[in-house]
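Trainee: There's a structure below that I have some questions on.
The values are calculated or read from the model by the stated rules, or taken from the named source; none is laboratory data. This one's a predicted model, so the numbers in the text were calculated from it and none came from an experiment. No Cβ is skipped: glycine too gets one built from the backbone with ideal geometry, and neighbour counts run over all protein chains shown.
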Amino acid sequence: MPLNLAKSRLTGWLRQIHRLNQHTDSGSGTKSMLQRPETNGVLSSLARLVTRGLRKAADVIERKVDGSAASSRHKRDAVLDEYSTGMPSAQNAVDALRGWNHALPDHVGATAGRGAFYNDARIHWALEKFGSVEGCKILELGPLEAGHTYLLERSGAAVIHSIEANKLSFLRCLVVKELLGLQNARFLLGDFTVWLENLQEPYDLIIASGVLYHMQDPLHLLELITKNSDAIYLWTHYASDAAMPMGDPRRQAFVGSVEIREWRGIKVRLYKRSYHGAWRSKSFCGGMHDLHCWMEKDDILAALHVLNFSDIHIAHDEPAHPNGPSFSIFARRGET
Ligand SMILES: C[S@@+](CC[C@H](N)C(=O)[O-])C[C@H]1O[C@@H](n2cnc3c(N)ncnc32)[C@H](O)[C@@H]1O
């Protein structure tokens, strides 16, 4: 029974008992049943007991009714929190989502994250190495917040497929797509390795910036990107005992021993790492599995040679990068 109905029934019963307790019927001078000497004792104690019980029940119901009104008030307020009031703006769109890493170009007039990835020297370099992307079809792995996507579109790419697995990052990419009016970029939510494993047609260029070192199996990703394009750009962290000797705090994320894998006739060292809970942050931008592997710089280059990517250019080598040594590679398939 709904609480409000139960409350009104109880109030009705209390009123009736009260009436029975009245001394006289108005005007007639006759005594009420409960006031007659023959019924007075037992019945009036019974009536008192029932009255007390009913009052208690009414109090409990009263509290419940008040409580559920307060909680529906709370729920209503929570729903109303989802509304953006005032003048529609770019900032409202940014503020709708949390965890921003990338800044937006000034003309957008909104503050998001800090990194000016929309004008990243690494992507300018990759585009310079590739040559004109006019009319090209590009695959971008892990766009995060579409800073690089914007640069690729502005450079004239005809089609950009940007595959992002993190749901919140994907939504931030959609906000950026709207704010920057991106027309040629399509954002897809899911695992780029599965996309690459199922591709029917190659891309002119694959941009794999900031993703190799987040992979459980980085060699598999190298196989996939070299299979699906003749030109690739990678920016990645790498493991190095020389740049990061024992005791270097940047080694703290490494776990277990180094795996030495025999792969296509070469030996590759794989350094396992854990995020140690960093994924709790809304701005987390790592991979989808806690355990991931870093490779050494020479091993990455050797693997590319084995995969017949022999035209290799290197830049942005930063052994002292605060998150670990890192560098850029632009590579093309060699003549067969
Ligand atoms: C370190 S961020 C790199 C962002 C940007 N590309 C850059 O270079 O600054 C890695 C991005 O890849 C995404 N990512 C990682 N593993 C992925 C996977 N298997 N499939 C799709 N996206 C993935 C992460 O969610 C994150 O947005």
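Trainee: State yes or no: is residue 263 in contact with a His (Cβ under 9 Å, 6 or more places away or on another chain) and touching a residue at least 24 places away in the same chain (Cβ under 8 Å)?
Mentor: So residue 263 does not fit the description; no.
Trainee: Now a separate question. Filter region 259-281 down to residues that are part of a helix (DSSP H, G or I) and surrounded by 13 or more Cβ atoms within 10 Å (Cβ to Cβ) and give me whichever is farthest from the chain's Cα centre (by Cα).
Mentor: Restricting to residues being part of a helix (DSSP H, G or I) and surrounded by 13 or more Cβ atoms within 10 Å (Cβ to Cβ), the top hit is 278.
Trainee: Here's a follow-up. With respect to residue 196, is the statement that it is away from the ligand (no atom under 11 Å from the Cβ) and part of a helix (DSSP H, G or I) true?
Mentor: no
Trainee: I'm trying to understand the selection: among the residues of region 282-303, which are away from the ligand (no atom under 12 Å from the Cβ) and outside any loop (DSSP other than H, G, I, E, B)?
Mentor: Once the filter is applied, which keeps residues that are away from the ligand (no atom under 12 Å from the Cβ) and outside any loop (DSSP other than H, G, I, E, B), region 282-303 yields 293, 294, 295, 296, 297, 298, 299, 300, 301, 302, 303.
Trainee: Something else: Name the residues in region 130-147 that are buried (at least 24 other Cβ atoms within 10 Å of the Cβ), within 7 Å of the ligand (Cβ to nearest atom) and part of a loop (DSSP other than H, G, I, E, B), would you?
Mentor: 143, 144
Trainee: Name the residue that is farthest from the ligand (Cβ to nearest atom), counting only residues in region 175-193 that are surrounded by fewer than 17 Cβ atoms within 10 Å (Cβ to Cβ) and closer than 16 Å to residue 144 by Cα.
Mentor: 178
Trainee: I would also like to ask the following. Where residues in region 203-234 are part of a helix (DSSP H, G or I) and among the charged types (D, E, K, R), which of them is nearest to the chain's Cα centre (by Cα)?
Mentor: Once the filter is applied, the top-ranked residue is 223.
Trainee: I'd like the residue in region 106-129 that is within 16 Å of the ligand (Cβ to nearest atom) and not in a helix (DSSP H, G or I) and, out of all such residues, is surrounded by the most Cβ atoms within 10 Å (Cβ to Cβ).
Mentor: Per the stated criteria, the residue is 112.
Trainee: Criterion first (in a strand (DSSP E or B) and either under 30 Å from the mean Cα position of the chain (by Cα) or among the aliphatic types (A, V, I, L, M) (or both)) does residue 331 satisfy it?
Mentor: Here the answer is yes, as residue 331 does meet what is asked.
Trainee: Then there is this: Condition (residue is part of a strand (DSSP E or B), of a type in the set (Asp, Glu) and free of Cβ contacts under 8 Å to residues at least 60 places away in the same chain) applied to region 161-182: is it met by at least one residue?
Mentor: yes
Trainee: Would you check which residues across region 239-258 are outside any loop (DSSP other than H, G, I, E, B) and not hydrophobic (A, V, I, L, M, F, W, C) and list them?
Mentor: The answer is 249, 250, 251.
Trainee: How many residues, within region 93-105, are loosely packed, with under 14 Cβ neighbours inside 10 Å and more than 16 Å from the ligand (Cβ to nearest atom)?
Mentor: Matching residues across region 93-105 total 1.
Trainee: Can you find, within region 61-92, the residue that is farthest from residue 179 (Cα to Cα) among those that are acidic (Asp, Glu), modelled with pLDDT of 70 or more and assigned to a helix (DSSP H, G or I)?
Mentor: Start the filter on region 61-92 by keeping residues that are acidic (Asp, Glu), which leaves 62, 66, 77, 81-82.
Still in the running and modelled with pLDDT of 70 or more: 77, 81-82.
This time we only want the ones that are assigned to a helix (DSSP H, G or I), so: 77, 81.
Numbers: 77: 29, 81: 23 Å.
For region 61-92, the residue satisfying everything is 77.
Trainee: Next up: Being out of contact with any Ser or Thr (no Cβ under 9 Å at 6 or more places or on another chain) and of a type in the set (Phe, Trp, Tyr) narrows it down to one of 235, 279, so name that one.
Mentor: The match here is 279.
Trainee: Moving to a separate point now. Could you tell me which of the residues 241, 230, 204 is charged (D, E, K, R) and touching a Cys at 6+ places or on another chain (Cβ under 8 Å)?
Mentor: 204
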